[in-house]
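J.: Okay, handing you the structure first.
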Amino acid sequence: MRQNETRIWDVVVRDPQAGHRPSNVNAAGPAESFMKLDPREFVGLAKRHWRMIGMTTIGTAVVVTAIALALPKYYEASTRMLIDPRGLDVIDKGVTPGPATVEQGSALVESEVHFLSSDSVLSKVIAKHNLVDDPEFNGTDGGPLSFITDSIATVRAGVESALGMEARNPPAELITLQSLRESIFAMREPTSYTVDIGIATKSPQKSADIANWITEEYLTTRLSTRATATARAGQSLVGRLDELRNDVEVAESKVEDFKRAYDIFTASGQLVTEQQLSELNTQLGNARAETLRARSRLEQIRSLASAGLGPDATLEALSSENIRRLREQYATVRQRQAALGSQLLPSHPAMRQVSQEVAIAKRQLDDELKRIEQTAQLDLDRAMGNERKLEIKLAEAKKISSETNDRLVKLRELEREAEARRSVYSAFLLRSRELSEQQRVDSSMVTVISPAVPPRRHKGLPLALVGIAGLLTGLGLGVGAALWRDIADKKLRSDTQLATLSDGWTVAPLPNAAGVFPQDGQTASTNDDDGGPDAASRLRDFASEIRFAIGPHRGAAVLVTSADADKDAGLTKSAFAANLAVAAAEDGDRVLLIDANPDTALLSRRLQLADRNGLIEVAEGDLALGKAINANAIGSVSVLALGKRPQGLGVALDPEAIRKVIVAAEDDFDLIVLDGGILMRERSLRGLVSLASQIVVVAREGQSDKPQLRSAFQALHKWHVEKGRAVIVAA
């Protein structure tokens, strides 16, 4: 070969086992392949492990049913009561006040629930109905596992005896109480005041009887407890009454002694000194008013006297009948004098007579006025004297009242102390009488809504449901075991696992016939085990999908490769490449199938073309492409064998030379199928990947190794191949 020629193959020194060791196995392990499951995966899982799933399902159902039959049956009965924390409105004040809010009422009912199931109630039920002799409660009835518990108790007793420990033999009453406490239940409905008290025993009648006994004892104990608490509270009050009574008497004696010592007396609820002071104030006001009236009257009289008591003078200050009469006489005489004066001379005897009468009337009027003035002066003097006396008395009363007020501070303090002691004593006395009467009154509101009746069926699920539950549990365990088995299995089992490993590639499940070399130039036609479309139709559909993905580009290359390094895997891969080429040719495409696997050349050997010139000679320029192609080697598919140059591990093809071959074949073929080597093993495969328009990774169900597939897809992702197609061929 000349130096300017391109070498299509190189020989490299490599570890013969290198292809079997994945270069970058994901540390997540095989469990990653089960991160995505669909219903088809469960169908395949059932087909692969139906024996294990069936045996696990039936075995679990049998064991669960046997356990259900062996265990004792318990019958549950309960009594429902209404416990209203508000109680009956019989008395105004009880020993304990009613709830102010709904939350407080709920808390009180919860407390009653605890009291209902308390040891004080249960102990009385045990003693009253002799439950100590009942084997179900005194510990002598061990049930179906009694031999185990008895053996454990015997061993423990022996060990304690050997160690010198004191034997623990609790009394039968305590054992019965603990057993009864564990058998009952008491609960309240969350949004109501109804309470259920129930018990589960091996006898329906016994369960109903004990539930009713507990209810009756609770009602009796509750009433006696309330009466006892009321009596205890009343006795504590009575014990204080004598002391409080003495305190009241002492305080009241101090008040009376203080009043007597300082002459502090009351009348009509008011101090005598205060009454006197009030009366003196009133009298002094009246006296002052009287003095003013007398002085005013005297001044009016004096004013009239100085001005002359004419006929027009007012008589409001005089109010005297004599003055009125004298004024009338004086006025009559004056009128007559005036009448005679118009007719007679002053010297006339009649005129002189009238003038004398006028003077006499005037003198009488003046004398009466002076007498009245003297009387008014006497009234004024008397009023002023009375006012002075009252002022002196008032001053003395004020002095006494001031002294009394100073003493009243102490008196009021003593009265307050006495009133406080009197109030406390009255409250204690009244409350003690109320509590004495409340002992005979039940104001609680506890009503039995529905008493317990013997149940018709035992507690728990019916036997049929137990069997169904056992079957479902066994089925779940079987499926879980099968899933775990597949997870632990390194072999590929389904297309779902392959889709998970490929991380987004399009996965196509194909029947076994897709991995068998075509016969007589036709694709395999064996039907699926599932009765679906035959292999030929499935292959044609797959070829059409690839052709559609490529588009109208002529001469597009499809690389078929695999991650399995064994011979059978290589045969399956090469057979699939041949079937794909035939399927595309049957759809009318001109197809060239190229053996690009220098490691094994299985395609060339399987088609008996190993001794013919082929890809290597064309790429090196030793032979024209047209002369190297074997036309219609498989039906209408043309085949380009690998060639005669060295084959086997370590041989690598030059991607550039292969690209030139593909370019040369584009005009004559619509589709070029490359039967490539093994991923992660063949050196030249990376170059072929860059030449292909579509990449198909072939895997075998139950034979392909999942870690190798994972490493292969990771390598493709590193080579920037994000999407492709993966095929899983059925076993």
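J.: Considering the range 450-501 alone, what residues qualify as being closer than 30 Å to Lys723 by Cβ, of a type outside the set (Gly, Ala, Ser) and assigned to a loop (DSSP other than H, G, I, E, B)?
T.: Asp489, Lys490, Leu492, Arg493
J.: Which of the residues spanning the range 359-377 are surrounded by fewer than 16 Cβ atoms within 10 Å (Cβ to Cβ) and of a type in the set (Val, Ile, Thr)?
T.: Those that are surrounded by fewer than 16 Cβ atoms within 10 Å (Cβ to Cβ) and of a type in the set (Val, Ile, Thr): Ile360, Thr375.
J.: OK, next. Return a yes/no flag: does the range 242-264 have any residue that is among the polar types (S, T, N, Q) and modelled with pLDDT of 80 or more.
T.: Yes, the range 242-264 has at least one match.
J.: Considering each residue of the range 131-159, count those that are within 21 Å of Tyr74 (Cα to Cα), modelled with pLDDT of 70 or more and not aromatic (Phe, Trp, Tyr), and give that number.
T.: Summing the residues that are within 21 Å of Tyr74 (Cα to Cα), modelled with pLDDT of 70 or more and not aromatic (Phe, Trp, Tyr) in the range 131-159 gives 9.
J.: Filter the range 476-512 for residues that are among the hydroxyl-bearing types (Ser, Thr, Tyr) and over 42 Å from the mean Cα position of the chain (by Cα) and give the result. If you could, list the steps in order and put the result at the bottom.
T.: Filtering the range 476-512 down to residues among the hydroxyl-bearing types (Ser, Thr, Tyr) leaves 494, 496, 500, 502, 506.
Listed by number, the residues that qualify are Ser494, Ser502, Thr506.
J.: Here is a follow-up. Taking interchain pairs and intrachain pairs at least six residues apart, which have beta carbon atoms under 6 angstrom, with the first residue in the range 618-640 and more than 15 Å from Asp675 (Cα to Cα) and not assigned by TED's automatic domain parsing to the domain that holds Val661 and the second hydroxyl-bearing (Ser, Thr, Tyr) and in a helix (DSSP H, G or I)?
T.: Here the result reads none, with nothing in the range 618-640 linked to a residue that is hydroxyl-bearing (Ser, Thr, Tyr) and in a helix (DSSP H, G or I).
Condition check ((1) exposed (fewer than 14 other Cβ atoms within 10 Å of the Cβ); (2) in contact with a Pro (Cβ under 9 Å, 6 or more places away or on another chain); (3) modelled with pLDDT under 85) across all residues:
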residue	(1), (2), (3)
His129	no, no, no
Ser161	yes, no, yes
Pro170	yes, no, yes
Gln178	no, yes, no
Glu182	yes, no, no
Pro190	yes, no, yes
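J.: Show the residue pairs meeting these rules: Cβ distance below 6 Å; 6+ apart or different chains; first residue within the range 286-306 and within 10 Å of Ala376 (Cα to Cα) and in contact (Cβ under 8 Å) with a residue 24 or more places away in the chain; second residue part of a helix (DSSP H, G or I) and of a type in the set (Gly, Ala, Ser).
T.: What qualifies is Ala294/Ala383; Arg297/Ala376; Leu298/Ala376; Ile301/Ala376.
J.: For residues that are farther than 19 Å from Pro509 by Cβ and part of a strand (DSSP E or B), tally how many sit in the range 559-581.
T.: 1
J.: When residues of the range 658-717 are filtered for being more than 58 Å from the chain's Cα centre (by Cα) and assigned to a strand (DSSP E or B), how many remain?
T.: Of the residues in that region, 8 qualify.
So that you can scan it fast, the table gives a plain yes or no per residue for (1) charged (D, E, K, R); (2) under 15 Å from Asp119 (Cα atoms):
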{"position": "Thr176", "(1), (2)": "no, yes"}
{"position": "Ile184", "(1), (2)": "no, yes"}
{"position": "Tyr193", "(1), (2)": "no, no"}
{"position": "Asp196", "(1), (2)": "yes, no"}
{"position": "Gln205", "(1), (2)": "no, no"}
{"position": "Ala208", "(1), (2)": "no, no"}
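J.: Would you call Arg288 out of contact with any Lys or Arg (no Cβ under 8 Å at 6 or more places or on another chain), surrounded by 15 or more Cβ atoms within 10 Å (Cβ to Cβ), under 18 Å from Asp366 (Cβ atoms) and at pLDDT 80 or above?
T.: No; evaluated as a whole, the condition is false for this residue.
The values are calculated or read from the model by the stated rules, or taken from the named source; none is laboratory data. Source: prediction; values computed, not measured. With ideal geometry, Cβ positions are generated from the backbone for all residues, glycine too; neighbour counts draw on all protein chains shown.
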